[in-house]
Amino acid sequence: MTASLHSELVLPCGAILPNRIAKAAMTEGMADVKDNPTQALANLYHTWSEGGAGLLITGNVMIDRRYLERPGNVVLEDDQAMPALRRWAAAGTAAGNHLWMQISHPGRQCARIVSSQPVSPSDVQLKMLGNFAQPRAMTQAEIEAAIAGYARTATLAKEGGFTGVQIHAAHGYLISQFLSPTTNRRSDDWGGSLEHRARFLLRVVAAVREAVGSEFPIGVKLNSADFQRGGFSLEDSAQVASWLSEAGIDLLEISGGTYEQLRLLGHGDDDSQDRDVRQSTRQREAYFLDYAQRIRQSCSVPLMVTGGFRSRLTMTEALANEELEVIGLARPLCGDPVIARYLIGGQVDYAPAYEQDLKLGTGLLGPASPIPLFKVINVQGEVAWFYHQMLQLAQLKSPERGLTVLPAFLKHMAREYFIGFRRRWHLRGS
Ligand SMILES: Cc1cc2nc3c(=O)[nH]c(=O)nc-3n(C[C@H](O)[C@H](O)[C@H](O)COP(=O)(O)O)c2cc1C
């Protein structure tokens, strides 16, 4: 029978997703000063639960308090915040949907405001306006501790009432750093050949499966490519997907890019060699769909593809043609939290593409400006606009769709530094 947006999906572990739209992960930055979940997060996920998506995936929750992707990340290392975690999970599953926790470690993509001593597979620094310090190569013991950390966080998520976990192996975070030859220059068992570079991910998957049991859904978010010369390629991705399939995961989400090539949001120059696929995929609204087709040939896991889906027609065709099993949507749900329900019910034909209007200006002021500051304001301001809408929803207010890029950028920077310094102050005193 042909799948449509309202079809159920039975996952390999036996769990059932009630429909084919998933809210993809978006970092919320709403933890309290002790990195614990807050009522704001419960409010936000309650709103999204009522919004109709069959699966909600949280923004990345960190496995290790020392290394955050940004201040305001939730950290889950122990059970001290179990009541708050349970409130978040209960709110986020109120409508009977699935709620999976995305679990992550930033590796070198750890903002300097959080730590000036990040770790990574190798000591390759991310050079972006001085925001990220020089990382130190992880020791064997640190690698084993991180694997155990993912399993511990997954166990706690299950205890707290989350109905699944997603391991973040995309976008240049720690697992993605292990996978990519540009950031993994190790010559031991964890680097070199693809088999060695994928060892960390596969060990994490095995440890998480061992911890949560065979009936609990495990997803993985993987880059189709990181779009950098000499980086993780589409062929690498297809091979890793095949190994993940053998490892027994339940849902593979395809995305792409890193901080240096923001292809996840449809930006970036693409330095990679995957030109054939690139040409055809560029014409499509769902910019990773063609990459996903190559990956699909080598793995039997249900696929979720995220990035650029906006029209109901593209979504329903992709499902009907069996190009994927789950449609991932992120940005549209910030400005319109019930859009999934309307798409599924057929009341609307398009999810809003807010990102199209989010520019400081054109020419010198535009996203392709030769002036680095303007480029940064365009990109960061766009993302900040979505952060702002999530904060509005978390305060049970309506989205402020009229907000423009510059105020969004300034508000975000002020808040980010405020919560970053407040957290540092707190850590110093404790
Ligand atoms: C504000 C914001 C925060 C994001 N945070 C995360 C994250 O924590 N983890 C992740 O895997 N992807 C994250 N993403 C990427 C989205 O999950 C998604 O891949 C991307 O937005 C493309 O999908 P879309 O076109 O439907 O928005 C984030 C995107 C945005 C806009």
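At-a-glance table
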read-out: Subset of segment 320-355 [farther than 28 Å from Gly402 by Cβ and more than 22 Å from the chain's Cα centre (by Cα)]; value: Ala320, Asn321, Glu322, Gly346
read-out: Gly361 being in the same structural domain as Met128 (by TED's automatic domain parsing), more than 24 Å from the chain's Cα centre (by Cα) and surrounded by fewer than 19 Cβ atoms within 10 Å (Cβ to Cβ); value: no
read-out: Where Ala25 falls short, out of the listed (1) of a type in the set (A, V, I, L, M); (2) farther than 30 Å from Arg428 by Cβ; (3) surrounded by fewer than 22 Cβ atoms within 10 Å (Cβ to Cβ); value: (3)
read-out: Criterion: crowded, with 19+ Cβ neighbours inside 10 Å and free of Cβ contacts under 8 Å to residues at least 40 places away in the same chain - qualifying residue of Phe386, Phe409; value: Phe409
read-out: All positions within segment 358-380 that are closer than 21 Å to Ala24 by Cβ and in a helix (DSSP H, G or I); value: Val379, Gln380
read-out: Top-ranked residue of segment 109-131 - restricted to ones that are within 16 Å of the ligand (Cβ to nearest atom) and part of a loop (DSSP other than H, G, I, E, B), ranked as farthest from Arg209 (Cα to Cα); value: Val114
read-out: Candidate set: segment 57-99, residues that are over 27 Å from Ala133 (Cα atoms) and in contact with a His (Cβ under 6 Å, 6 or more places away or on another chain); chosen: the one farthest from the ligand (Cβ to nearest atom); value: Ala94
read-out: Evaluation of Asn378 against (1) away from the ligand (no atom under 15 Å from the Cβ); (2) crowded, with 19+ Cβ neighbours inside 10 Å; (3) farther than 24 Å from His46 by Cβ (one fails), failing number; value: (1)
read-out: Unmet criterion (only one of (1) within 23 Å of Arg415 (Cβ to Cβ); (2) in a loop (DSSP other than H, G, I, E, B); (3) within 16 Å of the ligand (Cβ to nearest atom); (4) not hydroxyl-bearing (Ser, Thr, Tyr)) for Gln102; value: (2)
read-out: Qualifying positions in segment 346-357 - surrounded by fewer than 19 Cβ atoms within 10 Å (Cβ to Cβ) and assigned to a loop (DSSP other than H, G, I, E, B); value: Gly346, Gln347, Val348, Asp349, Pro352, Ala353
read-out: Candidate set from segment 293-335 (those that are within 13 Å of the ligand (Cβ to nearest atom) and among the charged types (D, E, K, R)); member that is surrounded by the fewest Cβ atoms within 10 Å (Cβ to Cβ); value: Arg310
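To keep it simple, each residue is scored yes or no on (1) touching a helix residue (DSSP H, G or I) at 6+ places or on another chain (Cβ under 9 Å); (2) within 16 Å of the ligand (Cβ to nearest atom).
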| site | (1), (2) |
| --- | --- |
| Ala133 | no, no |
| Glu159 | yes, no |
| Thr163 | yes, no |
| Gly172 | no, yes |
| Arg197 | yes, no |
| Arg203 | yes, no |
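The values are calculated or read from the model by the stated rules, or taken from the named source; none is laboratory data. This is a predicted model, so every value here is computed, not measured. Counting neighbours? That spans all protein chains shown, and the Cβs are built from the backbone with ideal geometry, glycine included.
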